[in-house]
Amino acid sequence: MSEISSTAVSVDVQALRRRQGRFSALESGHRACLGCGQALAVRLVSESTGPDIMVANATGCLEIFTTPWPESAWRVPWFHSLFENTGAIASGMEAALKAQGRNTKVVAFAGDGGTFDIGFQALSGLLERGHNVLYVCFDNEAYMNTGIQRSSSTPHAAMTTTSPPGKARMGKRHLKKDIISIVAAHHIPYAATASVAYPSDVRKKVRRALAIEGPTFLQIHSPCPLGWGHEGDKSIEVGRLAVQSGLFPLIELERGALTGAMPLRQVRPVAEYLKAQNRFRHLFAKSEWADEELEHLQALADHNIEVYGLRGEGRDALDSEGADTIHRGGQRWA
Ligand SMILES: Cc1ncc(C[n+]2csc(CCOP(=O)(O)OP(=O)(O)O)c2C)c(N)n1
Ligand code: SF4
């Protein structure tokens, strides 16, 4: 039994953990950066799955900060797949468990690089074959583990080490790939976006995905203080602004059709979200191009608000756990 003591307090850590009630698949003491959205996302997901899962984890920050061999922070069976084949590995795990008559749920974890780009083919195969797997993409919008290179999830105009702003361009030239629509086009039972800035919404979406037999997909926006350029204690604030500006809409799709969207009662200007991060700081230096890019990014957010019908009515000071009021086929659900 581990015990923390000082002259003033003596705490039985195991007893404390038992009283916490919520399961986390990760032990404390892993090596994520302070304020890492991905570490928080894993905790939120596993609070809903509980311990009866097996994890297939692509190469990336999560794999590295949880498992510096011979140590591991995982409290569930965990398999490190290659960057490119998490979907195939998870499919095989699920088929093997099924053959053994076991109900343990297979959960795949991968970053945006491992999902949008390098592991996309294997993911598409998993979805098309209908494996009973929950696939979770921790979207931190770049290849963080290898030094912040742009991925196809990196937002337009963001600075990464491979999309530097300069005389010829203002950061990344291309648009963020619309992965949720691509996944939904496989007509799987359930696909949704979520954000670590809205914890109960994440938990709820995981519970909903687990209740479904078949492939399900979650894209969780996971701020990365190192790659986005903000302090670690600002991750939730920054994550919220992404949602509240309309740049990262929280939506649900069933069999390819939109069935839920978190309404925004107080839409925030995109510039507020961008200003909070160094990766967009070149957009606030006076230049004709910068103004044009800012307008462009605002137009992208406005477009999301329009197509997903995000504009809510009335005032909700926080829009915080606002996903409690998410619309599901026109009805409220908890
Ligand atoms: C096929 C292959 N290409 C490149 C790499 C190098 N690599 C390891 S982790 C990584 C970045 C991972 O990015 P992402 O999936 O977005 O996860 P993050 O580290 O951001 O959490 C890269 C490029 C690799 N391991 N395998
Ligand atoms: S670099 Fe980013 S994603 Fe990786 S551990 Fe640090 S905060 Fe998390």
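The values are calculated or read from the model by the stated rules, or taken from the named source; none is laboratory data. On a predicted model such as this, the values are computed, not experimentally measured, just so you know. Using ideal geometry, Cβ is built from the backbone for each residue, glycine included, and neighbour counts are taken over all protein chains shown. Heads up: the accessible areas ignore ligands, DNA and RNA and are worked out on the full protein's heavy atoms, side chains in. Shrake-Rupley method; radii C 1.70, N 1.55, O 1.52, S 1.80 Å.
Summary of computed values
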| item | result |
| --- | --- |
| Fraction of accessible area attributable to carbon and sulfur, the chain (%, probe 1.4 Å) | 54 percent |
| 30 Å Cα cut-off, lysine pairs counted over the chain (separation 8 or more, or different chains) | 28 |
| Tail fraction, Cα-Cα pairs, region 39-152, threshold 23 Å, whole percent | 24 percent |
| Distance between modelled label sites at Arg281 and Ala168, nm, 7 Å Cα→Cβ extension | 2.4 nm |
| Relative contact order of the chain, defined on C-alpha pairs under 8 angstrom at six or more residues apart (%) | 15 percent |
| Of Gly114, Gly229, Val11, farthest towards positive along the dipole that unit charges on Lys, Arg, Asp, Glu beta carbons give the chain | Val11 |
| ³J(HN,Hα), Karplus 6.51/-1.76/1.60, whole Hz, each residue of region 231-236, x for Gly, Pro | 5, x, 7, 9, 4, 5 |
| When region 107-211 is reduced to its Cα atoms, the Kirkwood hydrodynamic radius in Å | 14.9 Å |
| Accessible area, probe 1.4 Å, largest first, for residues Ser181, Ser151, Ser200 | Ser181, Ser200, Ser151 |
| Cα centroid of region 78-107 to Cα centroid of region 214-280, whole Å | 29 Å |
| Ellipsoid equivalent to the chain - semi-axes via the Cα gyration tensor, in Å | 31, 24, 22 |
| The chain: antiparallel DSSP beta bridges as a percent of all, rounded to 5 | 35 percent |
| Top positive-direction residue, dipole computed over the chain with Cβ charges, set Thr161, Asn57, Leu297 | Asn57 |
| Long-range Cα-Cα pairs in region 234-312 (distance over 19 Å), rounded percent | 40 percent |
| Average accessible surface area per residue within the chain, 1.4 Å rolling probe, Å² | 46 Å² |
| Leu82-Arg102 pseudo-label distance in nm [points 7 Å out on the Cα-to-Cβ vector] | 2.5 nm |
| Phe248 accessible area, 1.4 Å probe, all protein chains in place, Å² to nearest 10 | 10 Å² |
| Value in Å of the Kirkwood radius, where region 161-286 supplies the Cα pairs that are averaged | 16.0 Å |
